[in-house]
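For reference, the structure discussed in these notes is given below.
The values are calculated or read from the model by the stated rules, or taken from the named source; none is laboratory data. Note that the structure is a prediction, hence the values are computed from the model and not measured. Ideal geometry is used to build each Cβ from the backbone, glycine not excepted, and the neighbour counts take in all protein chains shown. Ligands, DNA and RNA are stripped out before the accessible areas are found, and what is left, the full protein with its side chains, is counted by its heavy atoms. Shrake-Rupley method; radii C 1.70, N 1.55, O 1.52, S 1.80 Å.
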Amino acid sequence: MVLIAPSILSADFSNLESEIARVEKAGANWLHFDVMDGLFVPNITFGAPILKAIRPKTKLFLDAHLMIMNPHNHVADFINAGADMVTIHVESYSDDTYSRLPQDTSRDFELNTSANAGSDPSPKFAAACAIKSEAISKTLKHIRALGARAGLSINPGTDISCIEPFIDQIDMVLLMSVNPGFGGQKFMPVVFEKIAAIKKMTKRVIGTEFSKGELAIEVDGGVVPGEIASQLVAAGANVLVAGSAIYKAPDVKLAIEALKNA
Ligand code: DX5
Ligand code: ZN
């Protein structure tokens with residue numbers, strides 16, 4: 001069983017309500033909501049007010065993908081607006097990401113790096129990942145405490161081992177198969193080895209229903225029906241995000257069915 005999550009980033013924003021109804025009627029399971037802040041990624045999309053407006057219009061599971069810096073500042077807004085799943089990026093608290101920022105916006109909360117460095121499982125991990133695991137754990141805990149499911153996303157260029165310390169703190173791993181920021185990009189097959197690595201990390205991967213305690217593996221970016229979708233499902237992905245492959249398709253229902261039957 002694979003869940004299909006159309007990304008509204010490829011929808012006609014001037015008709016959002018009917019665009020959502022279209023995919024819901026066509027058999028979509030979730031609705032993927034791409035939030036971009038122009039800092040973590042070179043694009044700006046939409047925020048919690050749009051999700052709040054959408055919530056009463058659909059019964060679909062709302063899957064908020066936060067491609068933003070300092071997500072701890074914003075997760076409550078999305079959950080209060082009605083998000084069922086909130087996914088943050090493992091890189092959103094990384095030295096590399098911060099080093100790309102103009103200094104005055106770099107840290108709106110001080111991360112006590114020295115204390116944090118101690119808490120990382122191994123120097124190799126700290127070196128390989130250069131992320132602030134304390135901030136990530138706090139934010140994941142906060143998402144769950146507010147009653148939503150917690151997801152953690154990883155970019156194509158980030159080592160999958162960076163997810164391992166958090167594997168028991170999340171309900172979903174979102175594997176990016178494009179560099180985040182835009183729809184309509186070409187699929188990057190690097191995710192196949194990452195799916196295999198996650199399945200080695202945990203026994204919790206989804207069986208039949210996405211019930212509490214199970215871990216979903218979502219793949220996002222350049223996902224299209226046919227060989228790519230069927231190889232992803234065969235590898236163990238159980239949620240497929242698709243933007244252009246659904247909203248740019250001549251027939252949305254056929255596109256969703258083709259992904260579902262991959
Ligand atoms: C990209 C987004 C994706 C994107 C998917 O940063 O996270 O969700 O909208 O669109 P397609 O399927 O067209 O690549
Ligand atoms: Zn996305």
- request: Filter region 63-89 for residues that are surrounded by fewer than 24 Cβ atoms within 10 Å (Cβ to Cβ) and under 12 Å from PRO180 (Cβ atoms) and give the result.
  value: ILE68
- prompt: Tell me, which residue of region 38-70 that is β-branched (Val, Ile, Thr) and in contact with an Asp or Glu (Cβ under 7 Å, 6 or more places away or on another chain) is nearest to ligand 1 (Cβ to nearest atom)?
  reply: THR45
- line: Among the residues of region 1-22, the number that are more than 13 Å from ligand 1 (Cβ to nearest atom) and among the aliphatic types (A, V, I, L, M) is 6
- prompt: Considering ALA145, ALA235, ALA242, which residue is closer than 22 Å to HIS74 by Cβ and of a type in the set (Gly, Ala, Ser)?
  reply: ALA145
- request: Being within 19 Å of LEU174 (Cα to Cα) and more than 16 Å from the chain's Cα centre (by Cα) is the filter here, so list the residues in region 16-47 that pass it.
  value: ALA28
field: Residue pairs meeting the criteria (Cβ under 6 Å; at least 6 apart or on separate chains; first open to solvent by 40 Å² or more (accessible area, probe 1.4 Å), in region 240-262; second assigned to a strand (DSSP E or B))
entry: LYS260/ILE4
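From the list ILE44, ILE8, ILE4, which residue is of a type outside the set (Ser, Thr, Tyr), free of Cβ contacts under 8 Å to residues at least 24 places away in the same chain and within 16 Å of ligand 2 (Cβ to nearest atom)?
Values: ILE8 fails: free of Cβ contacts under 8 Å to residues at least 24 places away in the same chain; ILE4 fails: free of Cβ contacts under 8 Å to residues at least 24 places away in the same chain.
Being of a type outside the set (Ser, Thr, Tyr), free of Cβ contacts under 8 Å to residues at least 24 places away in the same chain and within 16 Å of ligand 2 (Cβ to nearest atom) holds for just one of ILE44, ILE8, ILE4, which is ILE44.
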query: If the Cβ limit is 7 Å and pairs must be 6+ apart or interchain, which residue in region 28-40 that is farther than 17 Å from VAL75 by Cβ pairs with which residue that is part of a loop (DSSP other than H, G, I, E, B) and among the polar types (S, T, N, Q)?
result: LEU31/THR58
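Quick check: anything in region 198-205 open to solvent by less than 10 Å² (accessible area, probe 1.4 Å), farther than 23 Å from MET69 by Cα and either within 16 Å of the chain's Cα centre (by Cα) or basic (Lys, Arg) (or both)?
For region 198-205, residues open to solvent by less than 10 Å² (accessible area, probe 1.4 Å), farther than 23 Å from MET69 by Cα and either within 16 Å of the chain's Cα centre (by Cα) or basic (Lys, Arg) (or both): present.
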